[in-house]
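Engineer: Encoded as structure tokens, here's the structure I'll be asking about.
Values in this text are rule-based calculations from the coordinates and carry no lab data. Computed from a predicted model, the values in this text were never measured in an experiment. Every residue, glycine among them, receives a Cβ derived from its backbone with ideal geometry; neighbour counts consider all protein chains shown.
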Amino acid sequence: MAIYTKAGDKGTTKVFNKKSQTLVGIHKDSCKIKSIGAIDELNSFLGIVGGLTDIQADLFTINSILAGSNLRFTSARTKKLEKQIDVWEGILPVQTNFIFYGGTLQAALLFYARALCRRAERSLVSFAKKEKVSEAILTYFNRLSDYLFMLARGTNFESKTLEKFWKR
């Protein structure tokens, strides 16, 4: 079976419509597809970062839900992120200024993943103005950006790479 279907050649793609229980065509520049694409971009980049397959699985689940599946996403995944954030907050130095994103290559990648996460979140917020998006999903993205930020800081801390502060 070929990977190409040619169905999207005119700028549409298909998602599952729960009401009609069928696949329906929508424009590739719709808020829904933009959100799915932003999440896919984040998920792909996390593959470069490595070691975050649980989060990648969450992102696949969320995209499946946005595309019309009947899967569920609960706040339990957000709670797991929060527990780890709390651990880091107890270990890392208190941040009193903005820090420059960077440090080790791994930390820099994580800071960039955070920026992609925030872009996906903004896209989801726009989409949620048009269609229902679970509060658990919106909260997860807000917390995931915090998680990636703290993971980047923790990565630098563990490697004894000093944070550089922006001072004005």
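Engineer: I'm trying to understand the selection: among the residues of the range 138-168, which are closer than 19 Å to ARG118 by Cβ and either among the charged types (D, E, K, R) or assigned to a loop (DSSP other than H, G, I, E, B) (or both)? Lay out the reasoning, then the answer.
Structural biologist: Step one: list which residues in the range 138-168 are closer than 19 Å to ARG118 by Cβ, which gives 138-155, 166.
ARG143, ASP146, ARG153, TRP166 - these are the residues of the range 138-168 that are closer than 19 Å to ARG118 by Cβ and either among the charged types (D, E, K, R) or assigned to a loop (DSSP other than H, G, I, E, B) (or both).
For every residue, the table says whether it meets (1) surrounded by 12 or more Cβ atoms within 10 Å (Cβ to Cβ); (2) in contact (Cβ under 8 Å) with a residue 24 or more places away in the chain; (3) polar (S, T, N, Q).
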site: ASN17; (1), (2), (3): yes, yes, yes
site: GLY25; (1), (2), (3): yes, no, no
site: ILE39; (1), (2), (3): yes, yes, no
site: GLY50; (1), (2), (3): no, no, no
site: ALA57; (1), (2), (3): yes, no, no
site: ILE62; (1), (2), (3): yes, yes, no
site: ILE65; (1), (2), (3): yes, yes, no
site: GLY68; (1), (2), (3): yes, yes, no
site: ARG77; (1), (2), (3): yes, yes, no
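Engineer: Looking at (1) loosely packed, with under 15 Cβ neighbours inside 10 Å; (2) touching a residue at least 60 places away in the same chain (Cβ under 8 Å); (3) under 21 Å from LYS129 (Cα atoms), which is the only condition SER35 fails?
Structural biologist: (1) is the only condition that SER35 fails.
Engineer: Six or more apart or on different chains, Cβ atoms under 9 Å: show the pairs whose first residue is in the range 146-159 and in contact (Cβ under 8 Å) with a residue 40 or more places away in the chain and farther than 17 Å from GLU82 by Cβ and whose second is among the β-branched types (Val, Ile, Thr) and in a helix (DSSP H, G or I).
Structural biologist: Correct list of pairs: PHE157/ILE91.
Engineer: Hey, does the range 122-134 have a residue that's assigned to a helix (DSSP H, G or I), of a type in the set (Gly, Ala, Ser) and free of Cβ contacts under 8 Å to residues at least 60 places away in the same chain? Let's see the steps before the verdict.
Structural biologist: Quick first cut of the range 122-134, residues assigned to a helix (DSSP H, G or I) only: 122-128.
Narrowing further to those that are of a type in the set (Gly, Ala, Ser): 123, 126, 128.
Filter once more, keeping what is free of Cβ contacts under 8 Å to residues at least 60 places away in the same chain: 128.
For the range 122-134, residues assigned to a helix (DSSP H, G or I), of a type in the set (Gly, Ala, Ser) and free of Cβ contacts under 8 Å to residues at least 60 places away in the same chain: present.
Engineer: Sticking with this one: Among the residues of the range 120-142, count how many are surrounded by fewer than 16 Cβ atoms within 10 Å (Cβ to Cβ) and farther than 19 Å from ALA57 by Cα.
Structural biologist: 7
Engineer: Given the conditions (1) surrounded by fewer than 16 Cβ atoms within 10 Å (Cβ to Cβ); (2) in a helix (DSSP H, G or I), which single one is not true for PRO93?
Structural biologist: So PRO93 meets the others, but not (2).
Engineer: Moving on to the next point. Say whether the condition of being closer than 18 Å to LEU151 by Cα, assigned to a helix (DSSP H, G or I) and among the small types (Gly, Ala, Ser) is met by at least one residue in the range 46-54. Working first, answer last.
Structural biologist: Pass one, the range 46-54, residues closer than 18 Å to LEU151 by Cα: 46-54.
Then drop every residue that is not assigned to a helix (DSSP H, G or I), which leaves 46-49, 53-54.
This time we only want the ones that are among the small types (Gly, Ala, Ser), so: 47.
Yes, some residue in the range 46-54 is closer than 18 Å to LEU151 by Cα, assigned to a helix (DSSP H, G or I) and among the small types (Gly, Ala, Ser).
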